[in-house]
1. Only one residue in 440, 458 is surrounded by 12 or more Cβ atoms within 10 Å (Cβ to Cβ) and closer than 26 Å to residue 366 by Cα. Which one?
2. I'd like the full set of residues that are under 28 Å from the mean Cα position of the chain (by Cα), within 14 Å of ligand 2 (Cβ to nearest atom) and touching a residue at least 40 places away in the same chain (Cβ under 8 Å), limited to segment 284-298.
3. Could you please let me know if residue 66 is within 23 Å of residue 160 (Cα to Cα), more than 16 Å from ligand 2 (Cβ to nearest atom) and modelled with pLDDT of 85 or more?
4. Select from segment 224-269 the residues that are small (Gly, Ala, Ser) and at pLDDT below 95 and list them in ascending order.
5. Report, by residue number, each residue of segment 140-155 that is surrounded by fewer than 16 Cβ atoms within 10 Å (Cβ to Cβ) and in contact with a strand residue (DSSP E or B) (Cβ under 8 Å, 6 or more places away or on another chain).
6. In segment 156-176, how many residues are β-branched (Val, Ile, Thr) and either without any contact (Cβ under 8 Å) to a residue 12 or more places away in the chain or surrounded by 21 or more Cβ atoms within 10 Å (Cβ to Cβ) (or both)?
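The values are calculated or read from the model by the stated rules, or taken from the named source; none is laboratory data. Here the structure is a predicted model, which is why all the values come from computation and not from measurement. So basically every Cβ, Gly included, is an ideal-geometry build from the backbone, and we count neighbours across all protein chains shown.
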Amino acid sequence: PAPKPKKRFRFLRWAWRLTWLSGLGLTGAMVYSIYSLRHPEEQFEPSPDKKTLVILGTGWGAVSLLKKLDTENYNVVVVSPRNYFLFTPLLPSCTTGLIEHRSIMEPIRNILRQKKATVKFFEAEATKIDYEKRIVHISDDSEIKGDISDTEVPFDMLVIGVGAENATFGIPGVRENSCFLKEVNDAQNIRKRVMDCVETAMFKDQTEDEVKRLLHMVVVGGGPTGVEFAGELKDFFNDDLKKWIPEIQDNFHVTLVEALPNVLPMFSKQLIDYTESTFKEEEITIRTKTMVKNVTDKYIEAQVTNPDGSKSIEKIPYGLLVWATGNAVRPVIRDLMGQIPAQKDSRRGLAVNEYLVVNGAENIWAVGDCAITNYAPTAQVAGQEGAFLARLFNTMAKTDAIEKELQHLSDTQSQAKSNDERNQILDEIRERQKQLRRTKQIGPFQYSHQGSLAYIGKERAVADISWLSGNIASGGTLTYLFWRSAYLSMCFSSRNRVLVAFDWIKARLFGRDVSRE
Ligand code: FAD
Ligand code: NAI
């Protein structure tokens with residue numbers, strides 16, 4: 001008989017088999033998940049006597065609600081001017097073409113088609129919410145309009161997840177002259193304008209001062225949006241622009257302007273220092289204690305607080321101006337707040353209770369950036385709020401069904417002929433009551449903070465992460481790798497994950513595309 005292989009080789013052989021099998025399993029699971037995504041099952045129409053649940057928006061809050069909602073329990077209607085979900089954390093990377101914008105978009109139609117029961121979607125903007133009449137007025141604001149482009153959607157229950165708009169604080173010239181960074185078209189606009197500034201600076205006979213101005217990229221707002229964008233833009237210059245257009249090398253500058261004494265106020269002191277020193281290495285100028293007061297088409301006017309405490313006004317010329325000073329309330333929300341007396345003291349958005357019900361309004365809930373809670377307006381908060389509402393609505397539908405059944409049981413009990421029959425129904429009633437109590441036990445919304453992450457350029461990121469009830473504050477290349485893998489895993493779908501990964505590889509191999517389209 002052949003001698004048995006040594007123990008060590010036997011182990012290797014088994015390890016090899018196991019790897020092979022798990023590889024096969026993983027491939028199978030992926031093929032199956034792609035197949036089922038491409039071939040969704042037939043959907044059914046929920047019965048018309050179910051309540052109508054209207055959801056406004058297709059952002060973090062609304063989509064995380066839709067993801068977990070049992071749509072068979074309601075007639076669900078979604079209204080949003082955007083027929084896709086946008087993975088905002090990677091939006092700054094789209095401004096330089098590191099990631100193509102379609103890689104971080106997920107069509108809402110795909111998401112809704114995966115639900116068991118049909119969901120209606122209207123690509124429209126909610127222009128007014130009439131909370132007393134329970135009607136949302138909607139308007140088609142797309143380029144192509146049919147005979148009807150304004151109409152009403154009645155609701156029994158309403159979830160508002162319309163997010164926020166860009167804050168400008170009424171500063172003159174901001175809307176006319178700057179780019180924002182909230183939506184896909186903002187990122188495309190920035191990408192186009194960076195290249196326009198560069199090519200215009202290279203125009204024949206351009207004066208030296210004008211070249212300097214055109215190549216000065218100013219970012220206003222030292223929150224995470226401004227910091228991430230400044231880092232991405234400097235990467236673009238270092239990795240690609242200066243290689244293809246070396247003439248701009250001496251004049252291309254990025255300046256970050258912040259009214260407060262430091263950038264990234266939500267991060268720890270250590271990470272703020274790390275970010276500031278990385279920016280110094282990258283030659284990104286940080287102008288703190290500098291509050292922009294006026295914007296013209298060629299320069300900004302800012303009030304600077306000098307080291308001795310005195311204030312002066314300074315003109316800063318720019319070619320590209322990106323405005324990232326946080327959130328403001330959308331008009332539709334301001335209008336609703338005006339209709340509800342209980343909202344008269346709210347300023348920054350809809351005040352909600354611990355179940356996310358809009359104070360002073362029945363059957364209206366608000367999630368994400370348009371709601372005011374104790375938490376920062378982030379995707380993390382909006383996502384958890386949406387998931388909480390899905391649980392709440394699924395539970396409410398179950399309790400409705402149990403209550404109906406209880407009513408039916410007590411009707412049959414009163415018609416029961418024998419004592420035995422009556423006792424049997426009574427037992428059933430007790431059992432259903434117990435179930436009802438259990439189902440109703442859904443606590444208030446509680447946010448679980450997973451940490452904050454921000455990319456700061458030069459393949460570095462900062463992270464404030466809650467870990468086993470302690471806090472880890474870290475910055476650097478390892479954190480950057482963690483940032484990349486965390487965001488990749490958080491992408492909405494496998495399709496998004498594959499596209500983003502390909503974009504990263506593509507940029508690494510061929511560089512970013514510097515054509516202006
Ligand atoms: P949104 O996601 O903004 O969605 C609002 C939805 O409502 C959109 O679909 C919009 O089209 C729709 N809508 C607008 N007006 C109307 C209307 N009148 N009627 C109907 N629908 C309407 N947070 C993090 O936690 N981590 C990050 O890394 C991070 N990175 C970010 C990067 C950038 C560049 C930006 C801008 C934000 C980032 N955020 C991040 C914040 C995060 O994106 C927001 O907090 C989050 O999007 C809020 O979710 P929301 O559902 O309230 O609103
Ligand atoms: P922000 O509100 O966090 O920061 C805006 C900054 O602009 C503030 O520091 C403010 O002092 C400054 N500012 C305001 N007016 C100014 C003026 N006139 N002149 C100069 N500076 C001025 O806004 P941001 O960065 O847009 O973020 C919005 C929300 O989205 C935040 O809650 C943030 O946490 C979240 N977000 C999170 C990210 C992450 O976790 N990586 C990335 C981007 C956004």
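1. Of the residues listed, the single one that is surrounded by 12 or more Cβ atoms within 10 Å (Cβ to Cβ) and closer than 26 Å to residue 366 by Cα is 440.
2. Answer for segment 284-298, where residues must be under 28 Å from the mean Cα position of the chain (by Cα), within 14 Å of ligand 2 (Cβ to nearest atom) and touching a residue at least 40 places away in the same chain (Cβ under 8 Å): 286, 288, 292.
3. Yes; evaluated as a whole, the condition is true for this residue.
4. If the condition is that a residue be small (Gly, Ala, Ser) and at pLDDT below 95, then 268 is the only one that fits.
5. Listed by number, the residues that qualify are 141, 142, 149, 150, 151, 152, 154.
6. So the answer is 4.
A quick yes/no check of all residues on (1) acidic (Asp, Glu); (2) outside the structural domain of residue 323 (by TED's automatic domain parsing); (3) in a helix (DSSP H, G or I); (4) within 11 Å of ligand 1 (Cβ to nearest atom):
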residue: 193; (1), (2), (3), (4): no, no, yes, no
residue: 203; (1), (2), (3), (4): no, no, no, no
residue: 229; (1), (2), (3), (4): no, no, yes, yes
residue: 232; (1), (2), (3), (4): yes, no, yes, yes
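One line per residue, one yes/no per condition, for (1) assigned to a helix (DSSP H, G or I); (2) loosely packed, with under 14 Cβ neighbours inside 10 Å; (3) on the phi > 0 side of the Ramachandran plot:
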residue	(1), (2), (3)
272	yes, no, no
280	yes, yes, no
286	no, no, no
292	no, no, no
297	no, yes, no
322	no, no, no
325	no, no, no
334	yes, no, no
342	yes, yes, no
